[in-house]
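This report concerns only the one structure given below.
Every number in this text was worked out from the coordinates using simple rules, so none of it is lab data. Small disclaimer: the values here were computed from a predicted structure and weren't measured. As a convention, Cβ positions derive from the backbone with ideal geometry for all residues, glycine included, and neighbour counts pool all protein chains shown.
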Amino acid sequence: MKAVVYRDNGGPEVLQVVDRERPVPAPGEVRVRVAVSGVNPTDWQARAGRAHAKAFPEITPHLDGAGVIDAVGEGVDPSRVGQRVWLFMAAAGRPTGTAAEFTVVPAAQAVPLPDETGFDVGASLGVPALTAHRALTVAEDGPRRLRPGALSGRVVLAAGGAGAVGHAVIQLARWAGATVISTVSSPDKARLAKAAGAHDVIDYRQGDPAAEIRAAAPDGVDIVTEVALGANLALDLAVLRTRGTISTFANEGGKPVELNVLQNMVLNTRLQFLVLYTAGPDVRAAAVEDVAAAVRDGALPVGEEHGLPLVRFPLARTADAHRAVEGGAVGKVLIDVTS
Ligand SMILES: NC(=O)c1ccc[n+]([C@@H]2O[C@H](COP(=O)([O-])OP(=O)(O)OC[C@H]3O[C@@H](n4cnc5c(N)ncnc54)[C@H](OP(=O)(O)O)[C@@H]3O)[C@@H](O)[C@H]2O)c1
């Protein structure tokens, strides 16, 4: 089979396309013929050795993907062969990510994909949708699970609604019944956040964004999902309601976070940091169930008309796909593995 691998941390040029034997599923695993591989910032960060040195001599990158189960290991229901699935965290703590014609994952990390749902949706779910789910389920007053109506009466502010995670926040929050406001940096991105389903979209580079958010949410925002905590904390606190939650999954731009302790005490702010890897298996399993339900409801479509343009590359150009993600491509970067 064709597989993309890297043996040393470094720039995109360390990625090579090679021929390898098909992996054999171990007990409890399934093997998936990958149709589409999804690329996330964490994939190039892992390749570059940003967070930690690599743990295996040779690694096939990418956590997310979608395809068809073609073999199962001992203990896995053989009737799963032929099932269409989406994959999450394929390369987490393992050397076998989705940038290959076949990959193996624990059976629970291959989630059934409805017949009417395309592989592009499946490959776009993992990191963005599970992160968005976590960000929306850590408020003091709940909910801990998402379903239609779970966020009724709540106001969610999705920072960076044209980003992959921001897009998933808008869609999941809308599915769960929230009023959704989103911030973006340009009219083009405003169009995308609107197409994703945001009720109000505000350009954070123009005018007085706090006043505009307050006008849209006079009682304040219940949950802010934050992609740039250092840049936006003052804005978030200016619009947060008392006992509101700021869920932060990134600090884009890298601005240091300055915390006004008194202001946060008075607001009874909940400031929740999150990363999927350490969120815990129960939290991830709950997120997977809820995201799968949203997919069945058709609530998580992708494509420009749904606010998430698709930027596609063939497997042989995986290095260019990494360059695109690292360069801040707007939308979802996907690899067509078997075209
Ligand atoms: N903690 C976790 O588990 C987790 C999971 C997934 C992703 N992440 C991290 O989250 C970040 C986003 O990932 P992604 O896949 O969504 O990337 P993406 O598609 O490239 O989106 C990044 C978004 O951040 C927005 N942004 C940057 N500065 C902003 C600001 N000051 N205010 C509002 N929005 C701002 C950008 O919008 P504008 O250009 O309009 O500003 C852009 O839409 C990355 O750093 C990634 O590593 C963390």
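Taking amide hydrogens as placed 1.01 Å from N in the peptide plane, the amide H of ILE202 sits under 5 Å from those of SER182, THR183, VAL184, each at least 5 positions away in sequence or on another chain. Could you point to the residue in GLY75, GLY149, LEU113 farthest towards the positive end of the chain's charge dipole, with +1 and -1 charges on the Cβ of Lys/Arg and Asp/Glu respectively? Toward the positive end, the furthest listed residue is GLY75. Sorting the segments 34-43, 301-310, 164-173 by their residues' average number of neighbouring beta-carbon atoms within 10 angstrom, most packed first, yields 164-173, 34-43, 301-310.
Each residue in ASP222, ASP8 was given a count of other beta-carbon atoms within 10 angstrom of its own, and listing them fewest first yields ASP8, ASP222.
Assuming R0 = 25 Å, what is the FRET efficiency of ARG147 and THR338, from their Cβ-Cβ distance, to the nearest 0.05?
Once rounded, the FRET efficiency stands at 0.15.
Residues whose amide H comes within less than 5 Å of that of PHE102, counting only those at least five positions distant or on another chain, are VAL34 (H built at 1.01 Å from N in the peptide plane).
Report the FRET efficiency, 1/(1 + (r/R0)^6), for SER186 and ARG20, where r is their Cβ-Cβ distance and R0 is 35 Å, rounded to 0.05. Given R0 = 35 Å and the Cβ-Cβ separation, E is 0.25.
Computed with the Debye formula from one identical point scatterer per Cα of the chain, without solvent, the log10 of I(q)/I(0) at q = 0.07, 0.10, 0.14, 0.16 Å⁻¹ comes to -0.28, -0.57, -1.07, -1.34.
Normalised by the number of residues in the chain, the mean separation of alpha-carbon contacts (under 8 Å, six or more apart) gives a relative contact order of 18 percent. Divided by 2.2 N^0.38 Å, where N counts the residues, the Cα radius of gyration of the range 130-277 comes to 0.93. For the range 153-161, 3J(HN,Hα) computed residue by residue from phi via the Karplus equation (6.51, -1.76, 1.60; θ = phi - 60°) reads x, 9, 10, 10, 9, 9, 5, x, x Hz, glycine and proline entered as x. Calculated on C-alpha atoms, the gyration radius of the range 9-165 divided by its Kirkwood radius gives an Rg/Rh of 1.01. Most tightly packed first, judged by the mean number of other beta-carbon atoms within 10 Å of their residues, the peptides 153-159, 12-18 read 153-159, 12-18.
Taking the alpha carbon gyration tensor of the range 38-107, multiplying each eigenvalue by 5 and rooting it gives semi-axes of 25, 12, 9 Å, largest first.
Packing around the peptides 323-336, 75-88, taken as the average count of other Cβ atoms within 10 Å per residue, puts them in this order, highest first: 323-336, 75-88. Only lysine pairs 8 or more places apart or on separate chains count here, and in the chain those with Cα atoms under 28 Å apart total 9.
Each label was represented as a point 7 Å from its Cα along the Cα-to-Cβ direction; for ASP77 and LEU310 these points are 2.8 nm apart.
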